[in-house]
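Enquirer: My questions will all concern the structure given below.
The values are calculated or read from the model by the stated rules, or taken from the named source; none is laboratory data. Because the structure is a prediction, the values reported are computed rather than measured. Here the Cβ is made from the backbone with ideal geometry for all residues, glycine too, and neighbour counts use every protein chain on show. All accessible areas refer to the heavy atoms of the entire protein, side chains included, with ligands and DNA or RNA removed. Shrake-Rupley method; radii C 1.70, N 1.55, O 1.52, S 1.80 Å.
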Amino acid sequence: MAPAGDSAALTPAPGPARARVSNLGDRAWGSALVVFGGAVMVIAGLILLELFRESAPAWRSLGFLRFLASSEWDPVQDRYGALPFVYGTLVTSAIAILVALPVGVGLALFLSEMGPKRLRPPVAFAIEVLAAIPSVIFGLWGLFVLVPWLRETVQPALQAALGFLPLFQGPPIGLGYLAGGLILAVMILPTLSSVTSEVLKTVPLSLKEGAYALGATRWEAIRMAILPYARPGIVGAALLGLGRALGETMAVTMVIGNSPEIHASLFAAGYSLPAVIANEFAEAVTPVHVGALAALGLVLFGVTLILNAAAQILVRAVARGPRKA
């Protein structure tokens, strides 16, 4: 009888056939993941191909540089330029990020660090409800509440205090870039606060305890230990919010004023890329008009792609931190 210690040696090793059977599921799962990943690239490529195909009449009639640099938009004479819409999209998105980012980070700090435990669940629930509100409801709220408030209170106050700046000149009509940016800020606030809150929860407890052990107050610990550690995640949350702001359509269409012109004043009416596509696509008749709207979609795709690429570079730079001498 063989010793008990030799039982493992007597067990037959798995043969090649058994190894192939055991690895079959892994290979199938890996192949499925490759197919799914490739499908994303194929879908993006098909979208680009269709946009190029539909916009071909506009490129042939108007020219690439002329279309991007022109400010004229006249469907009657088939003259189209994308510059006012690119400008309006960038201005409203910038306002949204500048307003929503500090508020979103503050809410995240309230939910993860500073808020009373009894108040955190109701605030988190309110943020989730805000994220579920349809865009058209935000637009109606903007028309009935935000625009009158801006026209009667905010814009006159800004004009009285900062009227010497071009940004705050012109008649306070309520509709315009400022209204579009503020309503976008409200819409992207749940994304910013939720993602930032989850990022702050990943900060190691030892880092916080170390700051408190050195005599730091709660705010000093947040400023010098927690926020620097979570900085890459906060930047990523801001870029996610920016991505939604760039593509938002209905709410911005209802409050931006829909004027294809470029103005330095935030009080003036403007237009955005998604808004003009939504407003005019159903009424486009000529091939050049349809092609111009498809070209605007291509421009929006390109702007989003450029910003996402810049976002990846920025996140990596922030995560890497400053260079050591």
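Enquirer: Select from segment 120-144 the residues that are assigned to a helix (DSSP H, G or I) and either within 16 Å of T253 (Cα to Cα) or of a type in the set (F, W, Y) (or both) and list them in ascending order. Talk me through it step by step, then tell me what you get.
Expert: Pass one, segment 120-144, residues assigned to a helix (DSSP H, G or I): 120-132, 135-144.
The answer is F125, S135, V136, I137, F138, G139, L140, W141, G142, L143, F144.
Enquirer: Hey, can you tell me all the residues within segment 222-274 that are hydrophobic (A, V, I, L, M, F, W, C) and either over 22 Å from L178 (Cα atoms) or without any contact (Cβ under 8 Å) to a residue 60 or more places away in the chain (or both)? I'd like the intermediate steps shown before the answer.
Expert: First, the residues of segment 222-274 that are hydrophobic (A, V, I, L, M, F, W, C): 222, 224-227, 230, 234-235, 237-240, 242, 245-246, 250-252, 254-256, 262, 264, 266-269, 273.
The answer is I222, M224, A225, I226, L227, A230, I234, V235, A237, L240.
Enquirer: What about V103, is it surrounded by 16 or more Cβ atoms within 10 Å (Cβ to Cβ), among the aliphatic types (A, V, I, L, M) and either touching a Lys or Arg at 6+ places or on another chain (Cβ under 8 Å) or modelled with pLDDT of 85 or more (or both)?
Expert: no
Enquirer: Among (1) under 22 Å from L240 (Cβ atoms); (2) modelled with pLDDT of 85 or more, there is one condition G37 misses while meeting the rest; what is its number?
Expert: Against the list (1) under 22 Å from L240 (Cβ atoms); (2) modelled with pLDDT of 85 or more, G37 comes up short only on (2).
Enquirer: Same structure again: Taking interchain pairs and intrachain pairs at least six residues apart, which have beta carbon atoms under 6 angstrom, with the first residue in segment 120-132 and open to solvent by less than 60 Å² (accessible area, probe 1.4 Å) and the second of a type in the set (S, T, N, Q)?
Expert: Note: pairs meeting the criteria are I127/S193.
Enquirer: So if I check each of L51, L46, which one is under 24 Å from the mean Cα position of the chain (by Cα), at pLDDT 55 or above, hydrophobic (A, V, I, L, M, F, W, C) and open to solvent by less than 80 Å² (accessible area, probe 1.4 Å)?
Expert: Numbers: L46 fails: open to solvent by less than 80 Å² (accessible area, probe 1.4 Å).
Among L51, L46, only L51 is under 24 Å from the mean Cα position of the chain (by Cα), at pLDDT 55 or above, hydrophobic (A, V, I, L, M, F, W, C) and open to solvent by less than 80 Å² (accessible area, probe 1.4 Å).
Enquirer: It is to be established whether one or more residues within segment 163-172 are of a type in the set (F, W, Y) and surrounded by 15 or more Cβ atoms within 10 Å (Cβ to Cβ).
Expert: At the first step, the residues of segment 163-172 found to be of a type in the set (F, W, Y) are 164, 168.
Next, from what is left, pick out any that are surrounded by 15 or more Cβ atoms within 10 Å (Cβ to Cβ): 168.
Yes.
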